[in-house]
Amino acid sequence: MSERKQNQEVGRGVEKSDGGVGNPDEILGLIGGLGVGAAVHYYQELARAHAGVRLPLRMLMANGDVDTVAGFVGRGEMVPLAEYLAGLIEQLKAGGATFAVIPAVTPHICLDELAPRSALPLLDMLDLTAREIHARGIRRVAPFGTRYVVRSRMFDRLPGIDVVKPAADEIETIHNIYFSLVETGRETDGAREGLVALAETLRKRDGVEAIVLAGTDLALVFRADNTPFPAVDCARIHLDAILKKLMTG
């Protein structure tokens, strides 16, 4: 796909501007590093969309440490995790950001603890994903992401949706593939093939209607034009909401 075509795709639904300012009241505060590949993906997509409609991207970034976050999550330490993320959000507010985004699904595990500590409003990826699933009439899903996400009750926030958890060995396979993407910031050998095979197994064996791509680094592997199974892409849904807020309020 040409760069010009990409600009048109990611900036869909936004009127073209000749040097306009978008929504001058909003400045994005992005928490990067969780992992780096996901933050780069968000930055590239946001920058491309703004360039496509000739608007400046108003964004700040604070870099988090993926090992620190993974440690808190692995130990089930939700309050320390929330306090760590709240500190990064405080930095973003000091720089002028008006709302915050975490371009990673796993840290959303502590959202209940983080929300009252956050110095900025948070654009909640899980709430946006729930709305998309309901809008598409999907009733049975399975999440792909870290073991913490897949094993957690995060997606119990999706009322009326049957969430199927893969088998224990399948969860570990998904987790290991996912962290290979986090660590390298690019697609690794066999990553796509392994996840496609698991998706087909879940659809045939468990009657899953769609896979929830519940890890933003999965955007390094799956796009709308190369995903051979029905999918709900948390990162794409999140990005579209960010763009709407930045461009139109």
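The values are calculated or read from the model by the stated rules, or taken from the named source; none is laboratory data. Just so it is clear, the model here is predicted, and its values are computed rather than measured. Heads up, the Cβs are rebuilt from the backbone with ideal geometry, glycines too, and the neighbour counts pull from every protein chain shown.
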field: Evaluation of P103 against (1) assigned to a loop (DSSP other than H, G, I, E, B); (2) over 14 Å from the mean Cα position of the chain (by Cα) (one fails), failing number
entry: (2)
statement: Of the conditions (1) at pLDDT below 95; (2) closer than 24 Å to V212 by Cα, the single one that P56 does not satisfy is (2)
task: Say whether the condition of being farther than 30 Å from G22 by Cα and either assigned by TED's automatic domain parsing to the domain that holds E172 or among the hydroxyl-bearing types (S, T, Y) (or both) is met by at least one residue in the stretch 75-96.
output: yes
- request: Might you let me know whether the stretch 19-28 holds any residue that is closer than 26 Å to Y178 by Cβ and at pLDDT 95 or above?
  value: yes
field: Among (1) within 19 Å of R140 (Cα to Cα); (2) crowded, with 19+ Cβ neighbours inside 10 Å - the single one R236 does not satisfy
entry: (1)
- prompt: So which of L220, L213 ends up being over 20 Å from A49 (Cα atoms), in the same structural domain as V150 (by TED's automatic domain parsing), touching a residue at least 24 places away in the same chain (Cβ under 8 Å) and touching an Asp or Glu at 6+ places or on another chain (Cβ under 9 Å)?
  reply: L213
task: Look at the stretch 109-120 and say how many of its residues are within 17 Å of the chain's Cα centre (by Cα) and surrounded by fewer than 23 Cβ atoms within 10 Å (Cβ to Cβ).
output: 1
field: Any hit, the stretch 38-47, residues being in a loop (DSSP other than H, G, I, E, B) and surrounded by fewer than 21 Cβ atoms within 10 Å (Cβ to Cβ)
entry: no
Complete set of residues in the stretch 141-198 that are of a type in the set (K, R) and over 14 Å from F222 (Cβ atoms): R147, R151, R153, R157, K165
- prompt: Would the stretch 144-151 turn up any residue that is buried (at least 17 other Cβ atoms within 10 Å of the Cβ), out of contact with any helix residue (DSSP H, G or I) (no Cβ under 9 Å at 6 or more places or on another chain) and touching a residue at least 12 places away in the same chain (Cβ under 8 Å)?
  reply: no
- prompt: Filtering the stretch 203-232 down to residues that are within 18 Å of M154 (Cβ to Cβ) and surrounded by fewer than 23 Cβ atoms within 10 Å (Cβ to Cβ), which residue is nearest to the chain's Cα centre (by Cα)?
  reply: V232
message: Residues that are under 23 Å from V69 (Cα atoms): list the helices (runs of 4 or more DSSP H) wholly contained in the stretch 146-249 that include at least 1 such residues.
response: 147-151, 168-184, 234-248
- request: Might you check whether a residue that is in a helix (DSSP H, G or I), touching a strand residue (DSSP E or B) at 6+ places or on another chain (Cβ under 6 Å) and surrounded by 16 or more Cβ atoms within 10 Å (Cβ to Cβ) occurs anywhere in the stretch 66-88?
  value: yes
task: Determine, yes or no, whether P116 is out of contact with any Ser or Thr (no Cβ under 7 Å at 6 or more places or on another chain), free of Cβ contacts under 8 Å to residues at least 12 places away in the same chain, over 17 Å from I237 (Cβ atoms) and not in a strand (DSSP E or B).
output: yes
